[in-house]
Amino acid sequence: MKLYIKKRPADYILYTLIISVGIILDQITKWLSVENLKKIDTLPLIEDVLHLTYVENRGAAFGMMADQRWIFIIISSVAILGFMLYLYLGHADGPLYSIGMSLVISGGIGNMIDRLALGYVVDFIDCRFVKYPVFTSGGAVWNTFPVFNGADSFVCVGAGIIMLAVILEMRAEIKEKKNGNTGK
């Protein structure tokens, strides 16, 4: 396997543009959240459906493992660096992989900026209509989906795009094998 697979300069420009725009959008929306929502806590856009709610998330995605800041910084740094090397060394095969990885990198860096600068991540998108069951000894309790931010969205959408690329690639390989085995 080659270490470096040369791509067109336009490809590298596109990756850098997606990453940069994602980071800028994320940081602007978080800044607006701090400036406008911190004072009022929550702003209902559609009552009990979609709110903008200021939250200081000291955990991982959706508040898991709170107060493990350095673990997240180390793991995130390794993951971001790995994705960037894979992307910029030309191993992301096809536009879906490249766009997905660019979005994941963008979101990872956006949240990393918060962790390093503030010690927590600013979250503000509050989808109250999304509920999930938590099972306890007394039965099921329905919890509201955790508050999140733009960077979280970029990571999730990017991961979804990468999964779509993998599925499409597997589907094409299966189709190719099937056509090859039938003599077509």
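The values are calculated or read from the model by the stated rules, or taken from the named source; none is laboratory data. Given the structure is predicted, the values throughout are model-derived calculations rather than measurements. Backbone-built Cβ (ideal geometry, glycine too); neighbour counts: all protein chains shown.
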Within the range 1-55, residues touching a Pro at 6+ places or on another chain (Cβ under 6 Å) and among the small types (Gly, Ala, Ser) come out as none
Just give me the residues in the range 94-120 being over 15 Å from ASN57 (Cβ atoms), in contact (Cβ under 8 Å) with a residue 12 or more places away in the chain and not β-branched (Val, Ile, Thr), in sequence order.
-> GLY94, LEU96, TYR97, SER98, GLY100, MET101, SER102, LEU103, SER106
Report yes if THR29 is at pLDDT below 95, surrounded by 12 or more Cβ atoms within 10 Å (Cβ to Cβ) and either of a type in the set (Ser, Thr, Tyr) or more than 20 Å from ILE80 (Cα to Cα) (or both), otherwise no.
-> no
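Condition check ((1) surrounded by fewer than 12 Cβ atoms within 10 Å (Cβ to Cβ); (2) in contact with a Lys or Arg (Cβ under 7 Å, 6 or more places away or on another chain); (3) at pLDDT below 90) across all residues:
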| position | (1), (2), (3) |
| --- | --- |
| HIS51 | no, yes, no |
| PHE62 | no, no, yes |
| ALA79 | no, no, no |
| HIS91 | no, no, yes |
| PRO95 | no, no, no |
| SER102 | no, no, no |
| MET112 | no, no, no |
| LEU118 | no, no, no |
Candidate set: the range 121-160, residues that are over 30 Å from LEU17 (Cβ atoms) and touching a Ser or Thr at 6+ places or on another chain (Cβ under 9 Å); chosen: the one modelled with the highest pLDDT = ARG128
Hey, can you tell me all the residues within the range 1-31 that are farther than 21 Å from CYS156 by Cβ, of a type in the set (A, V, I, L, M, F, W, C) and without any contact (Cβ under 8 Å) to a residue 60 or more places away in the chain?
-> MET1, ALA10, ILE13, TRP31
Among the acidic types (Asp, Glu), over 20 Å from PHE145 (Cα atoms) and either at pLDDT 90 or above or in a strand (DSSP E or B) (or both): does that describe ASP11?
-> yes
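Here is a yes/no grid of residues against (1) in a helix (DSSP H, G or I); (2) under 18 Å from the mean Cα position of the chain (by Cα):
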| residue | (1), (2) |
| --- | --- |
| SER76 | yes, yes |
| MET84 | yes, yes |
| GLY107 | yes, yes |
| ASN111 | yes, yes |
| ALA117 | yes, no |
| PHE135 | no, no |
With ARG115, ARG69, ARG171 as the choices, which residue is touching a Gly at 6+ places or on another chain (Cβ under 9 Å) and among the basic types (Lys, Arg)?
-> ARG69
